[in-house]
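K.L.:
The following block contains the structure, expressed as structure tokens.
Bear in mind that the values in this text are calculations on the coordinates, not laboratory data. Since this is a predicted model, take the numbers as computed values, not measurements. Cβ: placed from backbone, ideal geometry, glycine included. Neighbour counts: every protein chain shown.
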Amino acid sequence: MKRSIGITINGEVYEETVDQRLLLVDFIREVAGLTGTHVGCSVEGRCGACTVVLNGKAVKACLLLAVQADGASVLTIEGLARDDALHPIQDGFWEKHGLQCGFCTPGLLMALYEFLQNPKHSDEEIRTAMSGVICRCTGYVHIVEAVKHAIATVEALSPQERKEWFNE
Amino acid sequence: MYPRAIENYFAPTDVAEVLTLLQQHGEQAKLLAGGQSLMPLMKLRLAEPQTIIDLNQVAALDDIREENGRLHIGALARHADVATHPLILQSYPLLADAARNIGDPQIRNRGTIAGSLVHADPSADYPPAVMALDGQLVVAKADGGTRTVALDDFLAGPLMSDIGEDELVTRIEIPVPAARSGGAYAKHSQVAGDFAIISVAAHITLDPSGICQQASIVVGGVMPKPGRAGQAAGLLQGKALDAPLLTQAGEAAAEEVETEDDVRASAAYRSQLIRVTVPEVVRQASTRAGE
Amino acid sequence: MASANAWVGQSIKRKEDRRLLVGDGQYLPDIVLPRMVVMGFVRSIYAHAKITAIDTAQAAALPGVRTVLTGADVKHLGSVLSDMSTPNLPGETKRPIFWPLSIDEVKYVGDPLAVVVARDKYTLEDALELVDVEYDPLDIVLDPEHALQPDAPRLYPDWGDNVLYHQHIPAGDPDAAFAQADLVVKERFRCHRTGGQPMETRGCLAMYNPGEGLTLWLTTQRPHIKRHLLAEYLNIPHSQMRVIMPKDMGGAFGTKAPLYREELLACHLAMKLRRPVKWVENRQESLMNVGQGRDQIHELELAVKKDGTIIGLRDRILADCGDARTAIYVGFAMPFLGAMYLINGYDIPNVDIDLTCVVTNKACLTPSRAFGSFAGRFALDRAVELAARALDMDPVEIRLKNAIKTFPHVSAVGVHVDSGDFPGSFAKACAALDYDNFRKEQSEAWQNGRYLGVGFSMGVEISGVPSEVLVPMERQPGFGVATVQFDAHGKVQVAEGDSPHGQGHETTIAQVVADELGLSPEDIYVTYGDTHSGPFAAGTIGSRGASYTLSAAVLAARALRPKMANIAAHLLHIEAGEDDFVFRDGYAILIRDESQRVPIAKIAEVALLSPTELPPGMEAGLEHTSHFEAETAGMHSCNVHAAQVEVFPETGEYKIVRYVAVDDAGQPINPMVVRGQIHGGVAMGIGNACMEEFIYDENGQQLTTTLLDYHIPSSLDLPHIETIEHNVPSPHTPLGSKGKGEGTPGMVPAAVANALEDALQPLGVKITDLPLTPERIWKLIQAAQSKE
């Protein structure tokens, strides 16, 4: 019923013996203590608040068992900023008031982190990129603006800076 | 909401190992691929496997390539990969359309084509698309054998498919389309990414003069599984696909595909969506065929 | 003189965002205490049934389970509703008797009947499955009109019927008005069950020790009110009862305003077990229990003169309140206020409103953004549209003719509206839409088989509710309150008793206090949500942040200035008072000689750290608490919204091509924050009006218990929302500010429905029911065509 696993989260290795049914999101929140990743829908993942980046891909951490991430690398909201410098997508959300209650924000930021590695520019594409996370506060208008702000920032980065922001 | 206790968790790395595990654990085991349908069922405790065989570490099961006149899509190919694969965009755009319509980006990053087909939700996006392309599933058996089954036959009913406890779908095969073929897929849903109220997949082959040589039309969002609109497709064969004919095909499809009421829509509304959508999708498919 | 800074009106970045952007938010589920256990509920699977047996033995025996209780175990706590926790409204009210867990009988699917406490949430769910309940199903009533029938099953047999509340609101001489009418518009409108549903579900964590008493971390909009009621119910003194809304909360939208049965149980169990007890509601429970609002039928009549003047209104309102078992609102406070606000921004002198609230075997209605008025605003603005069409009048013209023109205004039923400008708002909306040209474009489109339409709605939005209304209605105060206090570093703490959760108080209150004291928002920090450290307040409800709480902070800050000036003068060894100083850029500056200045931080330091330097006889410290009460019985903002749509009649599908919101924030404190509030309100309005619906089947099973079925819109389901400011400062707040956002969804359903109907004019469609699903529109088109 239990299994020893090691998951690298934001560059730090967490080696634990966990129940095989433990959800990845609970490993992140309760074992690693990284509570920035949230749970909003309990069952099917529609809310997307638990989105993290698993081996480079945005996924819903409530739809994975922790044991599935054994040996994997996970990036969560806590790993996005570098010391005090905010990631361009965090900065965009702040500049454009892309959040209100903040509950869905970590999920959105992680979904958009993947999108920003190869951003597209139309409103439709931006809205598609964020469609896996439901926000109940903003009506998404300011989030679209936030993403555009972040795209502009990212596209102005040097290759080296870009690598630093996206090579977790 | 949380799954019931899982006694055994295995993460095999090759198909042979999967099959051995299936043989050992059989009815107690569930294969876990993308998990986008299985995990919710486990959290609702509608699925309570004692043993999980996680397929995500199995090598080379997500390949997409053409071979011997057929497109091979590995069982573990993720929706996002299918939606963006150059070969699929080029020659099987209908499949990319369907993949793009599934859920949302995170779901598409994780969900797999075989997982979707085995799950057999009549309102899912892949089944009508793969049916329209005459797709087959290659199934490996624990005894070392394999079988190939048409998706039409594989889908048995709502959330029921013809997969044995000792079997693993290893890939999907689709015949390489003839020249001047094209396909399209469209969905009507209550909100973006939701399951279909009605979806329509069409695959068309034209002759050099633009006459329809071959057509297949499949409707999703109906019970107990996606339905072939054979009469509608038959109307198109040997004819130029002009607007009145497409309207007729829509009427025929609405007539022949049976619809039901559920919480998302009434039977009558579904029939109307079929009537309206079939012409649009066939039109787009034939445009692509002519390109 | 005041201060010379101008933070008010600037769209500065929010102060609360830094923590939220890096995952440092502190939400209820994030709090973990030593020895903590978790709580979960066995809930009814029947809509109405006798409980014939509950077997908890297997669950209780599961390793890791601490306790299992059923209704019988909590009966001694007494019935939940008291005078304090029941609305005190005019009219005839009945009060259900119930306990934290249902005893003997369940009345809706989701009704809690047993509670399990376990060491962790996985074990908890294993145990919940092991509780075996036997039911004897009873007849059910799901339809509010059926509920009124003499032979309908009864939820509360001792009542004699299913009527929870009845109220008749007459004004003027409606019979005479209808006798004089040139046109009577009569229609039945139905608004479905939909509402809030925040992204963070409900939750609480109760901790008890006999020394300090009970501490309850709670997802709540009203910490002080909850404490008041919890202390009363649990019979413990306020000194032993502390309620804390965690630093952050993932939205509420009204759903976290009531007092719920689960919260009472957490407190009881923490006291009983002497362990911290945590509950985090799952989404299924949430969709079964909260956010279910609206749900009204209106049989509405308008008496209209040929020139479009509306001289009378009659409305028979029937509200389906569900089982009526949540405290504070009890399912009927919302429809009551909705009835009072029915005539809204219209000036209609003769009114006859009859409101009947019934109980059914569904979850209790909970408050949802646009408290009680969503359905009525749909009904009235639809009826006005029908009147315009009957008279061949332009929809803008008929609205301008009947809109409140002079302010202050007191409506026929006594609602005070302080300020606004409907003509100005309509002018901006029409200009944004290029309305005249749109009509030409629309005609051409019709010629070409395309269906374009535009629809308007107008209305007043509550800007806080004053004590004059709240005290008689809910036995609660409406004042705003804030304590402004300098710390020894010269920074300023503003303590409020509300519990903001996304509205941006930390920023907007900092902006206004910075202006009042000549500081920067960086110098101000706002604390909230804790009954042991903030002043008693009504809570974060009804757009009262920018109207009431913020105004109290302004007054409290202003009240500090004379003392600050006196200290500055003393330090400068001059004779001077408040009027001789300006507070700017962190200094108290002598106006007549600006070289004479004292750092404000120095003033604070003297007041707190070196009181020996204070003027002789002056009391140390630098803080003040103000209670703000507006000198009016109602502040409002006046708004106009417009939707432009294209409809595809073959499927009934449509696209909201543009949505233009012209809103009045009085004096916006932070325009970017105001826009965000409006965007969110419109988004919820569109979701509620077009996509979201709580659906019960004929057995009372709720079919929409996941977010795959209850469709909160995603980014792909909503249009871009355009916001336009048309501000008329309130004469009753110190800065002219108005609350914003709570009422916004109420603007949406009529705007969209009017636009759809406008687009479909050639097909003769009339829209009376929500939600505006494509299938509904298609069916209306079919029906209209079969009539021809």
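K.L.:
For C:D182 and C:E92, compute 0.36 nm times the residue count separating them, minus their Cα-Cα distance, and round to one decimal in nm. Before the final figure, lay out the partial values.
P.N.:
Values: separation 90, 0.36 × 90 = 32.40 nm, distance 3.52 nm.
This chain segment gains 28.9 nm when fully extended.
K.L.:
Per residue of A:138-149, count partner chain C-beta atoms within 10 Å of its C-beta, then hand back the mean as an integer.
P.N.:
Numbers: counts 9, 22, 12, 15, 6, 2, 2, 0, 0, 1, 0, 0.
Mean inter-chain Cβ contacts per residue within 10 Å come to 6.
K.L.:
Can you give me the span-like helices of chain A, meaning DSSP H runs with 15 Å or more of Cα extent along the axis and Kyte-Doolittle mean at or above 0.5?
P.N.:
Working: long enough: A:105-116 (16 Å, 1.18); A:141-155 (22 Å, 0.88).
The qualifying helices are A:105-116, A:141-155.
K.L.:
With a cut-off of 8 Å between alpha carbons and a minimum separation of six or more residues, what is the relative contact order of the range B:8-54 in percent? Can you show the working numbers first?
P.N.:
Values: 44 pairs, mean separation 27.1, N = 47.
Taking the mean separation of contacting Cα pairs over the length of the range B:8-54, I get 58 percent.
K.L.:
Could you compute the net charge surrounding C:A665? Neighbours are other residues with a C-beta less than 9 Å from the C-beta of C:A665; K and R count +1, D and E count -1. Working shown, then result.
P.N.:
On the way: positive: C:K738, C:K740; negative: C:D663, C:D664, C:E725.
Net local charge, C:A665 excluded: -1.
K.L.:
Follow-up question, since we're still on this one. Can you list the equivalent-ellipsoid semi-axes of the range B:181-290, largest first and in whole Å, using the square root of 5 times each Cα gyration tensor eigenvalue? Could the numbers behind the result be given before it?
P.N.:
On the way: eigenvalues 121, 36, 21 Å².
Calculated on Cα positions only, the semi-axes equal 25, 13, 10 Å.
K.L.:
Sticking with this structure for a sec: Among the lysines, which have Cα under 22 Å from the Cα of C:K401 when same-chain residues fewer than 8 positions away are ignored?
P.N.:
Cross-link targets: C:K186, C:K305, C:K306, C:K428.
K.L.:
Starting from the range B:170-277, pick out the trypsin sites (Lys or Arg not before Pro) whose DSSP state is loop and whose Cβ has at most 15 other Cβ atoms within 10 Å.
P.N.:
Working: sites: B:R171, B:R180, B:K187, B:R228, B:K239, B:R264, B:R270, B:R275; in loops: B:R180, B:K239, B:R264.
Qualifying residues, ordered by number: B:K239.
K.L.:
Inverting the mean 1/r over all pairs of different Cα atoms, compute the Kirkwood radius of the range B:64-175 and quote it in Å. The partial results should precede the final answer.
P.N.:
Values: mean 1/r = 0.0722 Å⁻¹.
Answer for the range B:64-175: a Kirkwood hydrodynamic radius of 13.9 Å.
K.L.:
Rounded to the nearest 0.05, what FRET efficiency is calculated for C:A60 and B:R45 with R0 set to 22 Å and r the Cβ-Cβ distance? Don't skip to the answer; put the middle values down first.
P.N.:
Values: r = 20 Å, r/R0 = 0.91.
Efficiency at R0 = 22 Å is approximately 0.65.
K.L.:
Could you give the distance between the Cα centres of the range B:125-203 and the range C:620-698, to the whole Å?
P.N.:
Centre-to-centre distance over Cα atoms comes out at 45 Å.
K.L.:
Springs between alpha-carbon pairs under 10 angstrom, Gaussian network model over chain B: which of B:H203, B:H79, B:H119 fluctuates most?
P.N.:
B:H119
K.L.:
A further question on this structure: Testing the spin-label approximation: label points 7 Å from Cα along Cα→Cβ at C:T612 and C:W446. State their distance in nm.
P.N.:
Going by the 7 Å Cα→Cβ label model, 8.7 nm.
K.L.:
Let me ask something additional. Rounded to whole Hz and in sequence order, give me ³J(HN,Hα) for the range A:49-54 from the Karplus expression 6.51 cos²θ - 1.76 cosθ + 1.60, θ = phi - 60°, writing x for Gly and Pro.
P.N.:
5, 8, 4, 10, 9, 10
K.L.:
Would you mind getting me the FRET efficiency between C:E145 and C:D769? Use the beta-carbon distance for r and R0 = 22 Å, nearest 0.05. Mind dumping the intermediate values first?
P.N.:
Details: r = 14 Å, r/R0 = 0.64.
Using R0 = 22 Å, I get an efficiency of 0.95.
K.L.:
Moving on. Can you put C:M691, B:M223 in order, fewest other beta carbons within 10 Å first?
P.N.:
On the way: C:M691 21, B:M223 15.
In order of increasing Cβ crowding within 10 Å: B:M223, C:M691.
K.L.:
Report Rg(Cα)/(2.2 N^0.38 Å) for the protein assembly as shown, keeping two decimals. Present the calculation step by step, with values, prior to reporting the outcome.
P.N.:
Numbers: Rg = 31.3 Å, N = 1247, 2.2 N^0.38 = 33.0 Å.
The protein assembly as shown yields a ratio of 0.95.
K.L.:
Whose amide H sits under 5 Å from the amide H of C:S737, counting only residues 5 or more places off or on another chain, with H placed in the peptide plane?
P.N.:
C:Q667, C:S730
K.L.:
Right, next: Have a look at B:V15, B:V191, B:V138 and tell me which one the Gaussian network model of chain B (Cα, springs below 10 Å) gives the largest fluctuation.
P.N.:
B:V191
K.L.:
With the alpha-carbon atoms as the only input, what is the per residue convex hull volume for the range A:13-60 in Å³?
P.N.:
Values: hull volume 4.3 nm³, N = 48.
Measuring per residue, one finds 89 Å³ for the Cα hull of the range A:13-60.
K.L.:
Mind sorting C:H573, C:H489, C:H720 by how few other Cβ atoms lie within 10 Å of their own Cβ, fewest first? Please report the intermediate quantities before stating the final value.
P.N.:
Numbers: C:H573 7, C:H489 12, C:H720 15.
If I rank by nearby Cβ atoms, fewest first, I get C:H573, C:H489, C:H720.
K.L.:
Still on this model: If you plug each phi of the range C:581-594 into the Karplus form 6.51 cos²θ - 1.76 cosθ + 1.60 with θ = phi - 60°, what whole-Hz ³J(HN,Hα) values come out, in order, with x for Gly and Pro?
P.N.:
Per residue, the Karplus-derived 3J(HN,Hα) values read 10, 10, 9, 8, 6, x, 10, 8, 10, 6, 5, 6, 8, 5 Hz.
K.L.:
Same structure, new question: Relative to 2.2 N^0.38 Å, what does the C-alpha radius of gyration of the range B:77-141 come to as a ratio? Two decimals please.
P.N.:
On the way: Rg = 11.2 Å, N = 65, 2.2 N^0.38 = 10.7 Å.
Against the compact-globule rule of thumb, the ratio is 1.04.
K.L.:
Please give me, ordered by residue number, the trypsin sites (Lys or Arg not before Pro) of the range C:286-370 that lie in loop per DSSP and have at most 13 other Cβ atoms within 10 Å. Working shown, then result.
P.N.:
Working: sites: C:R294, C:K305, C:K306, C:R314, C:R316, C:R325, C:K362, C:R369; in loops: C:K305, C:K306, C:R325, C:K362, C:R369.
Here the sparse-neighbourhood loop sites are C:K306.
K.L.:
If we count every other residue with Cβ under 10 angstrom of C:A546's Cβ, Lys/Arg +1 and Asp/Glu -1, where does the sum land? It would help to have the intermediate numbers written out before the result.
P.N.:
Values: positive: C:R544, C:K738, C:K740; negative: none.
Summing Lys/Arg as +1 and Asp/Glu as -1 gives +3.
K.L.:
Here is a further query. Past 32 Å, Cα to Cα: identify those pairs from A:K60/C:K278; C:K226/C:K602; C:K50/C:K256; B:K141/B:K225, in the order given.
P.N.:
Working: A:K60/C:K278 25 Å; C:K226/C:K602 40 Å; C:K50/C:K256 30 Å; B:K141/B:K225 25 Å.
With Cα atoms farther than 32 Å apart: C:K226/C:K602.
K.L.:
Another one. How many Cβ atoms of partner chains, on average, are near each residue of C:762-774 if near means within 10 Å of its Cβ?
P.N.:
Numbers: counts 0, 0, 0, 0, 0, 0, 0, 0, 0, 0, 0, 4, 6.
The per-residue average across the peptide is 1.
K.L.:
Out of the trypsin sites (Lys or Arg not before Pro) in the range C:388-440, which ones are loop residues according to DSSP with at most 13 other C-beta atoms within 10 Å? List each step's numbers first, then the result.
P.N.:
Numbers: sites: C:R389, C:R399, C:K401, C:K405, C:K428, C:R439, C:K440; in loops: C:K405.
Taking the range C:388-440 and a limit of 13 other Cβ atoms within 10 Å, the loop trypsin sites (Lys or Arg not before Pro) found are C:K405.
K.L.:
Check C:D769: other-chain or 5+ apart residues with amide H under 5 Å from its amide H, H built from backbone geometry?
P.N.:
Here the answer is C:R190, since their amide H atoms fall under 5 Å of that of C:D769.
K.L.:
Here's a follow-up. To make sure I understand, if each residue's beta carbon is the centre and we count other beta carbons within 10 Å, what order do C:E775, B:E260 fall in, fewest to most? Walk me through the intermediate numbers first.
P.N.:
Values: C:E775 22, B:E260 13.
Going from sparsest to densest Cβ surroundings: B:E260, C:E775.
K.L.:
D for chain B, whole µm²/s, Stokes-Einstein with Kirkwood Rh over alpha-carbon pairs at 4 °C and 1.567 mPa s: what number?
P.N.:
Details: Rh = 19.3 Å.
Result for D is 67 µm²/s.
K.L.:
Enumerate the lysines that C:K15 could reach by cross-link, defined here as Cα to Cα under 20 Å, with residues fewer than 8 away along the same chain left out.
P.N.:
Partners found: A:K96, C:K247, C:K491, C:K740.
K.L.:
Also, I was wondering about something else. So, in nm, how far is label C:N699 from label C:H166 when the simple model puts each one 7 Å beyond its Cα toward the Cβ?
P.N.:
3.5 nm
K.L.:
Looking only at B:I163, B:I204, B:I113, which one moves most when chain B is put into a Gaussian network model with springs between Cα atoms under 10 Å?
P.N.:
B:I163
K.L.:
Using every Cα-Cα pair within chain C, state what percent have a distance larger than 34 Å.
P.N.:
Numbers: 160181 of 310078 pairs.
Within chain C, distances greater than 34 Å cover 52 percent of Cα pairs.
K.L.:
Around C:H409, with a cut-off of 11 angstrom between Cβ atoms, what is the net charge of the other residues, counting Lys and Arg +1 and Asp and Glu -1? Intermediate results must be reported in sequence, preceding the final value.
P.N.:
Details: positive: C:K405; negative: C:D347, C:D418.
Around C:H409, the surrounding residues sum to -1.
K.L.:
Given R₀ = 60 Å, FRET efficiency for A:K163-C:D585 by Cβ-Cβ distance, to 0.05? Intermediate values should be presented prior to the final figure.
P.N.:
Numbers: r = 42 Å, r/R0 = 0.70.
Working from the Cβ atoms, E equals 0.90.
K.L.:
Hey, another quick one. Have a look at C:A427, C:H192, B:H72 and report the one farthest towards the positive end of the charge dipole of the protein assembly as shown, computed about the Cα centre with Cβ charges (Lys/Arg +1, Asp/Glu -1).
P.N.:
Highest projection toward the positive end goes to C:A427.
K.L.:
Also: With labels modelled as points extended 7 Å from the Cα through the Cβ direction, what inter-label distance (nm, one decimal) is found for C:S11 paired with C:I103?
P.N.:
5.8 nm
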